[in-house]
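The values are calculated or read from the model by the stated rules, or taken from the named source; none is laboratory data. Because the structure is a prediction, the values reported are computed rather than measured. Here the Cβ positions follow ideal geometry from the backbone for every residue, glycine too, while neighbour counts run over all protein chains shown.
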Amino acid sequence: MALPLAPGDGDGRPDVAGSVLTIGVAVTVPEPYGSVVQDTRAGHGDPLARAIPTHVTLLPPTEVAAEALPRVRAHLAAVAAARRPFRMLLHGSGSFRPVSPVVFIRVEEGAQECRELEAEVRSGPLARELAFPYHPHVTVAHGLTDEVLDRAQADARSFHAAFPVVGFTLSRFGDDQVWRPAQGYRFTGH
């Protein structure tokens with residue numbers, strides 16, 4: 001079941017034929033946990049802290065033609081219709097260093113469901129290759145100095161959040177460099 005979140009796909013701009021949109025798909029981390037992670041990112045000086053809602057990525061930033069958006073939405077609705085809610089547990093920290101300057105919170109429970117969802121989302125009209133193997137996580141610091149990344153990783157070790165995942169969100173990247181929810185999809189499988 002698709003749930004509209006905002007008119008104009010969340011950024012107030014019409015979809016102009018011939019235009020290219022940057023989209024992403026993610027499991028949104030609910031409140032109060034989402035704000036805690038954003039505040040933590042901001043506290044570490046991460047300039048992206050307020051531009052990206054707290055999430056577990058299912059489809060990284062991907063360019064699509066505006067004309068393809070109805071097909072993309074139908075694909076995401078079909079993926080959601082076949083899935084059931086699951087429990088997610090976020091706990092502990094990790095890092096992709098030295099390959100990438102990212103510190104994250106681990107997905108301790110729900111990781112397999114995220115892997116399955118990611119494969120289903122990244123198929124059909126959203127089929128694409130990834131730069132790195134998929135690893136479900138919640139970013140807490142990105143692109144900062146090693147000293148700050150070390151501190152962020154130590155601070156995130158005690159993070160703990162458990163919640164039901166009932167769907168995922170299609171988001172669009174705006175001209176102002178901010179990600180905004182465009183459409184929510186609830187799991188309705190049995």
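Of the residues making up the stretch 150-166, those that are surrounded by fewer than 21 Cβ atoms within 10 Å (Cβ to Cβ) and touching a Pro at 6+ places or on another chain (Cβ under 9 Å) number 4. The requirement of being acidic (Asp, Glu) and surrounded by fewer than 20 Cβ atoms within 10 Å (Cβ to Cβ) is fulfilled somewhere in the stretch 47-66, by at least one residue. Could you tell me whether any residue of the stretch 89-98 is part of a loop (DSSP other than H, G, I, E, B), more than 22 Å from Ala51 (Cα to Cα) and aromatic (Phe, Trp, Tyr)? The answer is no, given that none of the residues of the stretch 89-98 is part of a loop (DSSP other than H, G, I, E, B), more than 22 Å from Ala51 (Cα to Cα) and aromatic (Phe, Trp, Tyr). Scanning the stretch 67-82 for residues that are loosely packed, with under 14 Cβ neighbours inside 10 Å and in contact (Cβ under 8 Å) with a residue 60 or more places away in the chain turns up just one, Ala82.
A Cβ distance below 7 Å, combined with a sequence gap of six or more or placement on separate chains, defines the contacts here; from the stretch 122-149, residues that are free of Cβ contacts under 8 Å to residues at least 60 places away in the same chain reach residues that are among the aliphatic types (A, V, I, L, M) and surrounded by 11 or more Cβ atoms within 10 Å (Cβ to Cβ) in the pairs Leu149/Val103; Leu149/Ala141.
Looking across the stretch 120-136, just one residue is of a type in the set (Asp, Glu) and part of a loop (DSSP other than H, G, I, E, B), and that is Glu129.
If the condition is being crowded, with 19+ Cβ neighbours inside 10 Å and β-branched (Val, Ile, Thr), then the stretch 167-186 contributes only Thr169. Among all positions in the stretch 87-97, there is no residue which is over 20 Å from Val165 (Cβ atoms), surrounded by 14 or more Cβ atoms within 10 Å (Cβ to Cβ), touching a helix residue (DSSP H, G or I) at 6+ places or on another chain (Cβ under 7 Å) and at pLDDT below 95. The condition of being of a type in the set (Asp, Glu) and surrounded by fewer than 18 Cβ atoms within 10 Å (Cβ to Cβ) holds for only one of Glu109, Glu113, that being Glu109. If you filter the stretch 1-33 down to residues that are modelled with pLDDT of 50 or more, outside any strand (DSSP E or B) and surrounded by 17 or more Cβ atoms within 10 Å (Cβ to Cβ), you find that the one that is nearest to the chain's Cα centre (by Cα) is Val29. In the stretch 151-169, the count of residues that are of a type in the set (Val, Ile, Thr), closer than 24 Å to Val72 by Cα and over 17 Å from the mean Cα position of the chain (by Cα) is zero. When restricted to residues that are in a strand (DSSP E or B) and either over 15 Å from Val64 (Cα atoms) or not aliphatic (A, V, I, L, M) (or both), the stretch 172-190 contains 9. In the stretch 40-53, is there at least one residue being of a type in the set (Ser, Thr, Tyr), assigned to a helix (DSSP H, G or I) and free of Cβ contacts under 8 Å to residues at least 24 places away in the same chain? No: the stretch 40-53 contains no residue that is of a type in the set (Ser, Thr, Tyr), assigned to a helix (DSSP H, G or I) and free of Cβ contacts under 8 Å to residues at least 24 places away in the same chain.
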